[in-house]
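Trainee: Let me begin by handing over the structure; questions about it come next.
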Amino acid sequence: MFNKEYEAMPVDKLKKLQYERLKWSLTHAYNNNPFYKKKFDAAGFHPDKFKSLADMKHVPFLYKQDMRDNYPFGLFAVPMSKVVRVHSSSGTTGNATVVGYTKNDVGVFAEVVARSLAAYGATENDVVQVAYGYGLFTGGLGLHYGAEKLGAMTVPISGGNTERQLMLIKDFGTTIMACTPSYMLNIADYIEKKRPDYNMRATRLRAGVLGAEPWSENMRKEIESRLGIEAFDIYGLSEVIGPGVSTECSEKSGLHVFEDHFYVEIIDPETGEILPEGEKGEIVYTSLTKEAFPTIRYRSKDITRLYRDSCKCGRTLIKMEKVTGRSDDMMIIRGVNVFPSQIESVLMEIEGTEPHYQIILDRKAALDDIEVKVEVNEKLFSDEVKVLNDLSKRIGDRMRSALGISAKITLVEPMTIPRSEGKAVRVIDKRKI
Ligand code: DLL
């Protein structure tokens, strides 16, 4: 463990620490940011009234829209002279959201990423190739500072240029790749199609630190077996800090949340009611130590479940289930709720399909229509039409029985679905165009 004192703290002591830090964070936001003061006042909440963790239900929620409305720096709670870094998430709809960090915040960010890497068994002897994008996205710099804090040799290559990634893995003796799971899979494809001479198993690469987008257990199996590495999940969001909000450990059975820095609740996304531990719902975050950009009860829209088990790794930190989707990418198809990751799971169970797919939603004659385009392997594609027809029927049947949806299945040639170097685009919703 990178920081045993906090990662293995007895739960009652941890809760006490959370209460004290929450009290500080709520007071800090109220006293130093006019938006929070106004919001708390309007809800009739004052930090002095915060007597126990149970009082969290009286604190008003923070929404992405609040951040957009306060673009760029309206949610900062320190003088600008104390802000040493900003990151921003892309503004595809409306203003981007901008998040700020003091020196101390940058330190916390590095700490939680270092802890994450250590949770997969990484040490100063590792070589971490950071293939997340560098820039306003939190992935590149986040992993970079964390790997350095751990003492590992850090290779700041950023995303893309697969040929060069492969060269450095070999030449620099990279042991850990940090990138999105879809890019990791891209690398596997690239090797199979363009560099059959390249043997990943002959390199020192042993693990992938994969996150920034949902990915299924089947995708994990695929990555692990094709590249001969272990694939670990890392989760986070810019609004809360970036990568390192939670991480898998060597057990790969849920992600430990760094509860000494982030307070988590699960709520019913419709009513906003707090749900009991173990139930599935939207995860809501409150930062406990962040100075520049406190995040108080932020509605993440990510859907998961929280539970505390006695993890073999020795961490006492609560676990969140792998995030398989967001409430806003849940598709409602003729009344059935489906996440793209469920479709991915079905596809990966079926032999002959490649893990590259795209979901196209449309509305025809007032009814929702779903088409799933999926690549099939080279061998199958050159087979007879009957073989392909059988395969698409099998996929369609499986989707109907497993998910309750009738999808049009289109099998396409290998390498025809656009690849991503960052977060993959899985859904094209023509109903919104
Ligand atoms: O994606 C931070 C990050 C960078 C995490 C590198 C992990 C690795 P944002 O761009 O703000 O930040 O996007 C945050 O991405 O609310 C989730 O919906 C999704 N997400 C992030 N990590 C995971 C994951 C970064 N491991 C949003 N599994 C979050 C599923 C994830 N979804």
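The values are calculated or read from the model by the stated rules, or taken from the named source; none is laboratory data. All values derive from a computational prediction rather than experimental measurement. Don't worry about glycine lacking a Cβ; one is built from the backbone with ideal geometry, like all the others, and counts go over all protein chains shown. The protein model used for the area step is the full one, side chains on, heavy atoms only, and it has no ligands, DNA or RNA in it. Shrake-Rupley method; radii C 1.70, N 1.55, O 1.52, S 1.80 Å.
Trainee: Which numbered condition in (1) within 16 Å of the ligand (Cβ to nearest atom); (2) free of Cβ contacts under 8 Å to residues at least 12 places away in the same chain is the only one that residue 215 fails?
Mentor: Answer for residue 215: the failing condition is (2).
Trainee: Okay, next question. From the list 276, 294, which residue is in the same structural domain as residue 23 (by TED's automatic domain parsing) and free of Cβ contacts under 8 Å to residues at least 12 places away in the same chain?
Mentor: Exactly one residue qualifies, and that residue is 276.
Trainee: Please identify the pairs in which a residue from the range 29-53 that is more than 26 Å from residue 14 (Cβ to Cβ) has its Cβ atom under 6 Å from the Cβ atom of a residue that is outside any loop (DSSP other than H, G, I, E, B) and modelled with pLDDT of 95 or more, counting only partners at least 6 apart or on another chain.
Mentor: 37/30
Trainee: Could you tell me which residue of the range 88-119 is most open to solvent (accessible area, probe 1.4 Å), considering only residues that are in a strand (DSSP E or B) and either closer than 30 Å to residue 315 by Cα or of a type in the set (Val, Ile, Thr) (or both)?
Mentor: Step by step, filter the range 88-119, then rank; the result is 98.
Trainee: Quick test for you: out of 260, 233, 189, 197, pick the one residue that is open to solvent by less than 50 Å² (accessible area, probe 1.4 Å), at pLDDT 95 or above and more than 10 Å from the ligand (Cβ to nearest atom).
Mentor: Going through 260, 233, 189, 197 in turn, the sole match is 260.
Trainee: What is the residue count in the range 171-186 for residues that are open to solvent by 30 Å² or more (accessible area, probe 1.4 Å) and within 21 Å of residue 117 (Cα to Cα)?
Mentor: Residues in the range 171-186 being open to solvent by 30 Å² or more (accessible area, probe 1.4 Å) and within 21 Å of residue 117 (Cα to Cα): 1 in total.
Trainee: Now a separate question. If you take the residues in the range 219-230 that are open to solvent by less than 30 Å² (accessible area, probe 1.4 Å) and touching a residue at least 40 places away in the same chain (Cβ under 8 Å), which one is nearest to the ligand (Cβ to nearest atom)?
Mentor: So the residue we want is 219.
Trainee: From the residues in the range 274-305 that are of a type in the set (A, V, I, L, M, F, W, C) and within 15 Å of the ligand (Cβ to nearest atom), which one is nearest to residue 110 (Cα to Cα)?
Mentor: Restricting to residues being of a type in the set (A, V, I, L, M, F, W, C) and within 15 Å of the ligand (Cβ to nearest atom), the top hit is 293.
Trainee: Given 294, 243, which one is buried (at least 21 other Cβ atoms within 10 Å of the Cβ) and part of a loop (DSSP other than H, G, I, E, B)?
Mentor: 294
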